[in-house]
Amino acid sequence: MASDPQSAANQRIVEDLVSRLRRRQLVGSRATALETLLVLRQVVSKARFSNIDQLVNIIRSVGRRLVDAQPKEHSVGNTVRKVLHHIREEYHTANEQPAAESSFSIAKFVLQGQPRKQATIPSSESRVLLKENDPDDPDSFARVLKPVLMEAIQDVFDELETVYDNISKNAKDHIHSDEIILTLGMSKTVDSFLKAAAHYRNYTVIVAETAPSYGGREMAKSLSSAGISTFLVPDSSIYALMSRVNKVILGAHAILANGGMFATSGSLLAATAARSYSTPVVVCAGQFKLTPLWNLYHEYGALDFGDPSAVLCFDEGDLVDKVDVVNPYYDYVRPELLDVFITN
Amino acid sequence: MPVPEPESASAESQSLTKAQKKAEGRARQEQQRAAKAAQKQQQQSGQNAGSSSNKSKGSTVQKKPASESNKIPSAAASSSKDAPTTREGAVGADGLSDGPKSRGLRIFSHFGLPKTPGHQIKGDIHPAIVKLGLQFSEFKICGANARCIATLTAFKTVIQDYVTPPHNTLSRHLMTHLSPQITHLVTARPMSVTMGNAIRQLKLEISGSDIDLPEQDAKDALCQEIDNYIRDRIIIADEVIEDLAVKKIKDGDVVLTYARSSLVEKILLRAHALNKRFSVIVIDSRPLLEGKTLLHSLTSVIPPIPCTYALLPALPSLITDADIVLLGAHSLHANGSVYSRAGTAMVAMLAKEHSVPVMLCCETYKFSETVMLDGFGKNELAPMKFSPDAPKSNSNLEVLNPLYDSTPASCITAVVTEVGLIPPTSISSIPLALGRTTL
């Protein structure tokens, strides 16, 4: 395939994303999911295939490269899986085989997300024309299937675009008047959730600033600019303030198959403190963060380490060469510490 | 609410040190309480020093402006250079008090607020106390032990400089002389439990001192008592605790500690001096980031103790490596809860969850008969100078830096005291067991 000029172009955009993932120029679940989807759309639109297996193999190989580039960005793998699922679904409907979607299970939901309602669009003529491995016209299969696939990918796009709106749709059912909410770090999902609730309710948010990234400061600025009464506190005072907190609302990085999650470091502390005061912990996350994986490392969720200079900067010159500095990106929060997931 | 930019912050600290020197100088002049006028002037200078930091902390103060803004014109007149900042601070504070008071504001209103240094020197305050007050409010002297020793040492000077007025006895009058000094220290920063206990003991000694004793002898006896208290309850106690705690550190252990406790630091250095091979994980957090000081002293010994440094959110990744957790305390309460630097509770909680023993190192003079149910009832806020990078407060955003939290007794495995290792819930029986009526 490498000699094929089209696949070389594909290669280039894939490589571009791979390097950006690897260099951490692209971070955040939703951003990576969107970028992955863009790349996959390019790949599908340019790919040459004469049967479904070839197409699936192309997507798979691209997906594997992307996942290997940054195994901790689970939404990349999730997006690839979702696209693959939609491709197969389209293929089955086009092939006149009624898709066996009659049975719904949690496992299927986690793996594939919401069943698409417009899945049975293909018209009867496309069904008639669909031929695999046609020796006379090897592109006929691709020609027929591509428009449908593009549409399917567009659906995934739309879902990602509207994820915040959909999550915050019933924010007012979860946040009540005069409550005190604790959150931490910078999560766009939580941010839009709280802002949506602020239209209906008058409440207070305590934001832990989440050293060393201090994403909480950004979050506090954003929330207070929306007119929400906000308190910014250091991470150390989470436990002291927890006795007055009604609800802890966290964002997630990835939600795992066992119901646990990866989240910004500090989330585990907040969730454990909440448990000791029996405060409910609510997690806001888009469906693209649901991952069919298990945390093999259990407690040690933080196999992804950040820049130590954020913790101990080079101003402390004489310390730097004598001390190990640890700055993990993520915590693994066990399922028993979480009460509710709010998804789109 | 304006928070000083980096440059203005340094300017502020300069002006504070200037003001500090000024205040000390003036206090010395007026020691014979000859000049009431000088005192007034000093109040003003104190106020100027105060108002420059007002603007950094003002947002958390709600009831302050009314009385102070009345005085501001005179302060502005006395030094025109400081006037703009003064006014700015006042305006900001007024703007805040006019703003909507949310429930959040109200529930935090009882927290001990950071005090403006040198603010309002009332009555006859000894210069040593004025100096100490400034050091407290500037966090130059910080930590329960250090503050207690500094207070007692200052009181020794006060007692030596004290002259019993005619028709009075020392045992009756000295306390009325000391009370305003204590009040001044409390306005500088809320009193620590250690200071409270020591002062109570001092009061007992004063009231018990012999009426017939010549004045100088009585004063010497009191100073001797103070020295004994520092030696017995703090210095020797620390040594005993070091001996006890060092036994719990074995070769190859990983000791986890939070922030900086002077006692934990001594224990670790002692263990190192005994050639124990162990490594230390120092967990730290804003606002004070005291762990860096601990890190400096642990790595400056030869050979340096292997250290790992991380901020509090990274704790879950490191707690699995720890074999023992050593913590310090500000005070220990009758229900066994530990009042200590904010963050200690989370370290203890997580250690308990991972079945890592938590040893709390604490002298018996830190015990308090009061009961503490959570870290919210009683707390203190750090001054804003410790968070220069934090966003500015406005009508919707408040920056709070609580200094303490309360660890429930269930998270503490044992308390190392100079009378041995005891569970945290039995501290109230210790004075009784020692045959004391007071702590």
* Asked: What list do you get for B:THR164, A:THR210 if you sort them by fewest beta carbons within 10 Å?
  -> B:THR164, A:THR210
* Ranking of B:HIS167, B:HIS173, A:HIS86 by count of other Cβ atoms within 10 Å, fewest first -> B:HIS167, B:HIS173, A:HIS86
* Asked: What pairs from A:LYS72/A:LYS195; A:LYS82/A:LYS188; A:LYS195/A:LYS221 go past 24 Å between their alpha carbons?
  -> A:LYS72/A:LYS195
* To do: For B:THR169 paired with A:SER61, estimate the spin-label separation in nm (one decimal), with each label point 7 Å from Cα along the Cα-to-Cβ line.
  => 10.2 nm
* Asked: Can you flag which of A:LYS289/B:LYS352; B:LYS203/B:LYS292; B:LYS219/B:LYS266; A:LYS322/B:LYS385; A:LYS322/B:LYS276; A:LYS146/A:LYS169 are past 26 Å Cα-Cα?
  -> A:LYS289/B:LYS352; B:LYS203/B:LYS292; B:LYS219/B:LYS266; A:LYS322/B:LYS385; A:LYS146/A:LYS169
* Inter-centroid distance (Cα atoms) of the range A:235-256 relative to the range B:255-283, Å -> 30 Å
* For B:LYS122 and B:ASP161, what is the calculated FRET efficiency with R₀ set at 22 Å and r taken between the beta-carbons, to the nearest 0.05? -> 0.70
* **Neighbour-count ranking [beta-carbon atoms within 10 angstrom, fewest first] of A:SER29, A:SER140** => A:SER140, A:SER29
* To do: For a label point 7 Å from the Cα of A:ARG12 along Cα→C-beta, name the residues of the range A:35-72 whose backbone N is under 18 Å from it.
  => A:38-48
* Structure fact -> With label points set 7 Å from each Cα along the Cα-to-Cβ direction at B:ARG436 and A:ASP304, the distance between them in nm comes to 5.3 nm
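FYI, it's all coordinate maths here, none of it is from the lab. Owing to the predicted nature of the structure, the values given are computational and were not obtained by experimental measurement. All Cβ positions, glycine included, derive from the backbone under ideal geometry; neighbour counts span all protein chains shown.
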